[in-house]
Amino acid sequence: MATTPAVSADLLAKYEPVIGLEVHVQLLTASKIFCSCSTRFGDPPNTNVCPVCLGLPGALPVLNRKVVEFGALAAMALQCRVNETSIFARKNYFYPDLPKGYQISQYDKPLAEHGFIEIDIYGSKKRIGITRLHLEEDAGKSLHEGFPDASEKTAIDLNRTGVPLAEIVSEPDMRSPEEAYEYLTRLKEIILYTGVSDCNMEEGSLRCDANISVRPRGQKEFGTKTEVKNVNSFRFIREALEYEIERHIGVLESGGKITQETRLYNANEGKTYGMRSKEQAHDYRYFPEPDLLPLVVDAKWQAEIRATLPELPEARRERMVKEYGITVGDAATLTRTRAMAEQFESAARAATNPKRVANLVQSEILGRLKAQGLELEQSPISMAGVAASADLVETGAISGKMLKDLYDLCFERNKDFGAVYEEEGRPEQSRDTSTIEKLADELIAANPKQVEQYRAGKKTMLGFFVGQVMKASKGQANPQLVNEVLTKKLES
């Protein structure tokens, strides 16, 4: 939790936050946006470079077609209108990791505009507008050593220079850090479903800048905003916003004025610090990029791109609830990633009872994975294995207790359900009535007090006897048959 200035709940209620987010998503192309250099992460510094991304005189950019297709696909998934004609522009500023002295981006004529994401806040739906999605190249990376000592040295790695980005700018529609967190979660989910980015925040594939201001509730005019940059997790973005909201309110209540500035968030301290003020900010002097023609994505090309758009998370959840009879909560869990949803649907279509498959995934698979710190993709039990085990339970071939034991063995041996089931000799529930009757007689004779309670009207004691028989049979007796035998004997 962010270490925020002390502001009372009454003061927090007096003001309304206004939040807008700018998200940079690295597009998952093999080569850069204007040259053929690799976008591979983790290579030695300054090895994936050429005259184009180094900004050498005479080198000319050539637009990567796949970048346009990925950008347009993301825009369509975010309900944006893809503009038939967009213009690349030069964004001029000086920084050591920007060798050309400008960044090729888009400004007043972006690739796409006017989209939205629908979020769920405390059970209510809210639409957050998306102003624009535009394409641009990334800058390089400055590596600071010795900060904040006077002996600080900076090294420059230009491997990222020219890596393709889609910048997604929201409307200032969010009114709380929770709404911002939910927006980012939904945005990442949608982008991952399209496959245009891996959204790996640790590798810089998804980065977010947050704009925040506060105003007295009921006031229409926005307050003075600050921008928080370089926050590397959704949790830290939420914490930084919480801190900034309380800082703004504290300044205003003490009679001060908010300075429009860029700030950095220190996650260790839970605080933001000023980076540069408005007066120090760059005048970008945008003008059309003279080395690139206008980008035209005509109706035919847009139709081809739209044909590759997958079923998106929210639509998939609604369909799965109707098709498989699972709950909204089940659907939300099972569609967290496109891979998980596809694996579940494959298993559900093969199983007799899709709802049982959903229950097993949530109650048995995800719990074990969480306990071991594993992701679904690392589960030794495949979705096909879940479907097979669900059918065995459905037909009464194995009991719930037997299934749990088999799942435990799967995780111990790191083997799929089918292999472990074969290794264990294809165990099945016992339907041998004589054996069950013998166990029931022994337990009834050994527990006269419980028999007396049952016959005196305490029918819940049946559960005690069922549990004892199942334990004595090592979980292999058929529970339904055990119930029938015990009820008959206890009632006689």
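Conditions: (1) outside any helix (DSSP H, G or I); (2) in contact (Cβ under 8 Å) with a residue 12 or more places away in the chain; (3) more than 30 Å from Glu375 (Cβ to Cβ). Asp441 meets all but one. Number of the miss?
(1)
Is segment 423-434 home to any residue that is more than 22 Å from Arg368 (Cβ to Cβ), out of contact with any Leu (no Cβ under 9 Å at 6 or more places or on another chain) and in a helix (DSSP H, G or I)?
Yes, segment 423-434 has at least one match.
In segment 222-257, how many are under 26 Å from Ile168 (Cβ atoms) and not in a strand (DSSP E or B)?
Within segment 222-257, residues that are under 26 Å from Ile168 (Cβ atoms) and not in a strand (DSSP E or B) number 19.
Give the residues of segment 388-397 that are at negative phi and surrounded by fewer than 24 Cβ atoms within 10 Å (Cβ to Cβ), sorted by residue number. Before the answer, list the steps.
First pass over segment 388-397, keeping only residues at negative phi: 388-395, 397.
Listed by number, the residues that qualify are Ala388, Asp391, Leu392, Val393, Glu394, Thr395, Ala397.
In segment 420-471, what residues are closer than 30 Å to Ser382 by Cβ, surrounded by fewer than 16 Cβ atoms within 10 Å (Cβ to Cβ) and of a type outside the set (Asp, Glu)?
Gly425, Arg426, Arg431
For segment 292-303, which residues satisfy the criterion of being surrounded by 13 or more Cβ atoms within 10 Å (Cβ to Cβ) and within 30 Å of Tyr93 (Cβ to Cβ)?
Correct list: Leu292, Leu295, Val297.
Hey, among the residues in segment 162-176 that are under 21 Å from the mean Cα position of the chain (by Cα) and among the small types (Gly, Ala, Ser), which one's modelled with the lowest pLDDT?
The qualifying residue modelled with the lowest pLDDT is Ser176.
For segment 96-105, state whether one or more residues are buried (at least 16 other Cβ atoms within 10 Å of the Cβ) and among the polar types (S, T, N, Q). Break it down into steps so the answer makes sense when it comes.
Start the filter on segment 96-105 by keeping residues that are buried (at least 16 other Cβ atoms within 10 Å of the Cβ), which leaves 97-100, 102-105.
After this cut, where a residue has to be among the polar types (S, T, N, Q) as well, the list is 103, 105.
Scanning segment 96-105, I find at least one residue that is buried (at least 16 other Cβ atoms within 10 Å of the Cβ) and among the polar types (S, T, N, Q), so the answer is yes.
Can you give me the ranges of the helices (runs of 4 or more DSSP H) entirely in segment 345-421 with at least 1 residues that are under 23 Å from Arg319 (Cβ atoms)?
On the way: elements: 354-360, 366-371, 383-394, 400-413.
By residue number, 354-360, 366-371, 383-394.
Could you tell me which of the residues Cys35, Cys50 is crowded, with 17+ Cβ neighbours inside 10 Å, at pLDDT 95 or above and out of contact with any strand residue (DSSP E or B) (no Cβ under 6 Å at 6 or more places or on another chain)?
Just a single option satisfies the conditions, and that option is Cys35.
Among the numbered criteria (1) in a loop (DSSP other than H, G, I, E, B); (2) small (Gly, Ala, Ser); (3) surrounded by fewer than 23 Cβ atoms within 10 Å (Cβ to Cβ), which one does Ser142 miss?
Unmet for Ser142, out of (1) in a loop (DSSP other than H, G, I, E, B); (2) small (Gly, Ala, Ser); (3) surrounded by fewer than 23 Cβ atoms within 10 Å (Cβ to Cβ): (1).
The values are calculated or read from the model by the stated rules, or taken from the named source; none is laboratory data. All of these numbers come straight from a predicted model, not from anything done at the bench. Here Cβ is always computed from backbone atoms with ideal geometry, including for glycine, and neighbour counts include all displayed protein chains.
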